[in-house]
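Below is one structure; the comments refer to it alone.
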Amino acid sequence: ACHKERVTKMPKHNNMIPDGHFHKNWQERVKTWFDQAARKKRRRTARLAKAARIAPRPIKGPLRPAVHSQTAKYNMKIRAGRGFTLEELREAGINPKEALTIGIAVDHRRKNRCIESLQTNVARLKEYRSKLVLFPRKAGKPKKGDAADSELATATQLTSSILPISRRPPLREVARKITDEDRATSAYHALRTARVNLRLVGPRHKKEQEKTKAMQVLRPSCYSLEQK
């Protein structure tokens, strides 16, 4: 039997050797999105069913704290955190176990590193508590802390997030004319002077101590002997 070798046709000039793989069944690997409209309707139906199931609780979930993002690149950004710390709940006068039952998220792992974030979240908790309408567990048998019948009649389910976190706009300095005082001062000189003063804090303090010690040695005694 004769065997004929397969010969690859070489291209002309300095071009790439043809090595195309066009025998794949690519039609079976194409991802389509024909059910997009049906999925949209299914998601909406699920949201409405969940809202009716958890009513009269807020749709967007429990109250979240205002925290700063991690790393030096994003730590100036304020966003919603996982939950309030035990210290924040203690300052607001709320029991952690009770907080979980009235729509407040709790995170026992997060720690307060500064007084500003503590005060911000404590004020957030107190504002939420002042606006909270607490339904009784059994209808007609309210307990201490439950809302009155008039408040229950007017209460509605909250569809948006609870106390949304407003991001502060960046501070922009308004353009102004350059004054004679600005021309007389040198920003470069001011920065250099401040840097030198910071660097020489230790040597200057040491020099002042040595000068004070030398003055104490050379100072005459405070008493004198009487001449006989």
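Here, each number is a calculation from the coordinates, and none is a lab measurement. These figures come from a predicted structure and were not determined experimentally. Methodologically, a virtual Cβ is constructed for each residue, glycine included, from the backbone with ideal geometry; neighbour enumeration extends over all protein chains shown.
For Thr85, nonlocal amide neighbours, meaning residues 5 or more places apart or on other chains whose placed amide H falls under 5 Å from its own, are Asp107.
For segment 17-131, the relative contact order works out to 20 percent when only alpha carbon pairs closer than 8 Å and six or more residues apart are counted. Each residue of segment 183-190 was assigned a 3J(HN,Hα) from its phi angle through the Karplus curve 6.51 cos²θ - 1.76 cosθ + 1.60 (θ = phi - 60°); the sequence is 5, 6, 8, 10, 5, 5, 5, 5 Hz, with glycine and proline shown as x.
Using just its DSSP H runs of length 4 or more, each adding -39500 (n - 2.57), the chain gives a mean residue ellipticity at 222 nm of -12500 deg cm²/dmol after division by all residues.
Counted residue by residue at 0.36 nm each, then reduced by the alpha carbon distance between them, the extension gain from Trp26 to Ala184 reaches 49.5 nm. Backbone phi angles across segment 41-47, fed through the Karplus curve with coefficients 6.51, -1.76 and 1.60 (θ = phi - 60°), yield HN-Hα couplings of 5, 5, 5, 5, 5, 5, 5 Hz in residue order; Gly and Pro are listed as x.
Modelled this way, with points 7 Å down the Cα-to-C-beta line, the labels at Ile59 and Ala148 are 3.0 nm from one another. Here the Karplus curve 6.51 cos²θ - 1.76 cosθ + 1.60, taken at θ = phi - 60°, turns the phi angles of segment 68-85 into couplings of 9, 5, 8, 6, 5, 6, 10, 6, 8, 8, 9, 9, 7, x, 6, x, 7, 7 Hz, with x standing for Gly and Pro.
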